[in-house]
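Report on one structure; see the data block that follows.
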Amino acid sequence: MAVDLLLGLQWGDEGKGKIVDVLTKDYGIIARFQGGPNAGHTLEFDGIKHVLRTIPSGIFHKESMNIIGNGVVIDPVVFVKELEGLDKFGIDYKKTLIVSRKAHVILPTHRLLDAASEASKGKAKIGSTLKGIGPTYMDKTGRNGIRIGDLELANWEEKYRSLADKHEAMIKFYDVAIEYDLNELEKEFFEAVKALKELTFIDSEEYLNTAIKNGTTILAEGAQGSLLDIDFGTYPFVTSSNTTAAGACTGLGIAPNKVKEVYGIFKAYTTRVGSGPFPTELFDETGAKMAKIGNEFGAVTGRPRRCGWLDLVALKYAVQVNGVTQLMMMKGDVLSGFDTLKICTQYKYKGETISHLPYNIEPENVTPIYTEVKGWKEDLTGMTEASQLPKALNDYIDFLEKELEVPIKIVSVGPDRTQTIHR
Ligand code: IMP
């Protein structure tokens, strides 16, 4: 059997959690392959809203196994709080959630380093979620990190101490005022590690490849979005992992020829949280209206998200880099009530008209060129069938499919599991 990938195509927050939850019934395994508690995957069903951070979004389905792959970074403190949240719903996660020994551990000092690094950057700050993601991946690539498998070793606390001491020296180097009580943070951390060790740690690449041989269906769940990818995103305003399709191979240990469908998720408009360029950003009432109707506040940090029109130049780039085979359009309902809608189809770049995403998309270099289309007035949130969708929305979808050359298979018209239209 093959592996299907589900990826965000913009700057994150596309609604991956909801779609994984909707698709999980078709898969035996849901696997997270990168990122960590910087993610906030929101799921809504039976009138309850759940926000998952590191745990795969298949956890609410009893029949599927959930794997945290080697490409993920885990903060035991956040993770254990997430598990406690599941206790309320009687989820038997000790049976259905397993963790790769090769995933890296976020230490309390990684979080402090993140804060010190951001504070030292002043106006150039990335707008990090401050969950210690960057410093943990730096220790991974610097070959200093602590992995989940290390927690099974008798002397892992020695390794911890030497790394934490090194981090403390680095925090001083930043020369910014960061207040913390490391004893307190460590107490919480060691308690959380104890709880985390009650879960099963595995050689996940072996587990997944055996599952593939045995015919189990696997869905790899991405976090963040393609434009936050460390290589292909709007560097340096990106996260520290490969959020694109290739990241699923390195973050799970599956070969590229095992990948079949690549589901690409995008919002019917664009949002971004944190700093960095965003060519179609709106600073007017239209943007404020999208933010209000779309409830555009970060699931992890609560920060307001920046909003703007759909950017097809950026979306085409993400479709190409990921090899997307099917698209899913989220939050179509948020665009109800606009007389006209704008879609960015090209950029004016240094005086020239271009159709590809250039190296540099800062506002001084790029001006979006828009096509204007008719909006729709109907409330979509109660619709369940493709035949109910208004003509103007179908025209919007047709336009996008033609431009992107990939079919849009799902249109989401609200946050609940049931508000999902299959085409
Ligand atoms: P970090 O990954 O927390 O260091 O954040 C780096 C950048 O990625 C910041 O601009 C964050 O706002 C953004 N970011 C990280 N995770 C997410 C996410 O899950 N959704 C949206 N933006 C994110």
Worksheet, complete the sentence: With -39,500 (n - 2.57) per DSSP H segment of 4 or more residues and division by the full residue count of the chain, the 222 nm estimate, nearest 500 deg cm²/dmol, is -9500 deg cm²/dmol
Worksheet, complete the sentence: Cβ density ranking, 10 Å radius, fewest first, applied to Ser412, Ser275 yields Ser275, Ser412
Worksheet item: Thr340 versus Ala386, label points 7 Å from Cα toward the beta carbon: distance in nm?
Response: 3.0 nm
Worksheet, complete the sentence: Whole-Å distance linking the alpha carbon centroid of the stretch 158-219 with that of the stretch 245-313 is 27 Å
Item to complete: Determine the relative contact order of the stretch 20-136: mean sequence separation of Cα pairs under 8 Å and six or more apart, normalised by residue count, in whole percent.
Response: 25 percent
Discussion item. How high is the relative contact order of the chain? Use alpha-carbon pairs under 8 Å, at least six apart in sequence, and give a whole percent.
Written reply: 20 percent
Worksheet entry | Förster-model FRET efficiency, 35 Å R0, Ser162 and Lys49, C-beta, rounded to 0.05 | 0.25
Item to complete: Check each of the trypsin sites (Lys or Arg not before Pro) in the stretch 163-209 and keep only those in coil by DSSP with at most 15 other C-beta atoms within 10 angstrom; list them in order.
Response: Lys197
Worksheet item: Restricting attention to the stretch 263-301, which GluC sites (Glu not before Pro) occupy a DSSP loop and are surrounded by at most 10 other Cβ atoms within 10 Å?
Response: none
Worksheet item: Please state the relative contact order of the stretch 308-423 as a whole percent: Cα pairs under 8 Å, 6+ residues apart?
Response: 33 percent
Worksheet item: Exposure proxy check: Arg423, Arg161 ranked by fewest other beta carbons within 10 Å?
Response: Arg161, Arg423
Discussion item. Can you give me the distance in nm between label points at Thr371 and Glu405, each placed 7 Å from the Cα along the Cα-to-Cβ direction?
Written reply: 1.5 nm
Worksheet entry | Difference of contour (0.36 nm per residue) and Cα-Cα distance, Lys260 to Asn360 | 32.8 nm
Discussion item. Suppose every Lys and Arg Cβ carries +1 and every Asp and Glu Cβ carries -1, with no other charges. What dipole size does the chain come out with about its Cα centre, to the nearest 20 debye?
Written reply: 300 debye
Fill in: Label point 7 Å beyond Cα of Glu63 along Cβ direction - residues of the stretch 24-45 with amide nitrogen under 19 Å
24-31
Worksheet item: How about the stretch 269-316: which chymotrypsin sites (Phe, Trp or Tyr not before Pro) there are in a DSSP loop, with at most 10 other Cβ atoms within 10 Å of their Cβ?
Response: Phe283
Worksheet item: Using the alpha-carbon centroid of each, what span in Å lies between the stretch 334-382 and the stretch 397-415?
Response: 15 Å
Worksheet item: Nearest 20 debye, what's the magnitude of the dipole of the stretch 349-423 about its Cα centre given +1 on Lys and Arg Cβ and -1 on Asp and Glu Cβ?
Response: 220 debye
Worksheet item: Of Lys49/Lys81; Lys81/Lys194; Lys289/Lys409; Lys292/Lys402, which pairs sit farther than 19 Å apart, going by alpha carbon to alpha carbon?
Response: Lys289/Lys409; Lys292/Lys402
Worksheet item: Could you put Tyr27, Tyr207 in order, starting from the residue whose Cβ has the fewest other Cβ atoms within 10 Å?
Response: Tyr207, Tyr27
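FYI, it's all coordinate maths here, none of it is from the lab. Small disclaimer: the values here were computed from a predicted structure and weren't measured. All Cβ positions, even for glycine, are placed from backbone atoms using ideal geometry, and neighbour counts span all protein chains on display.
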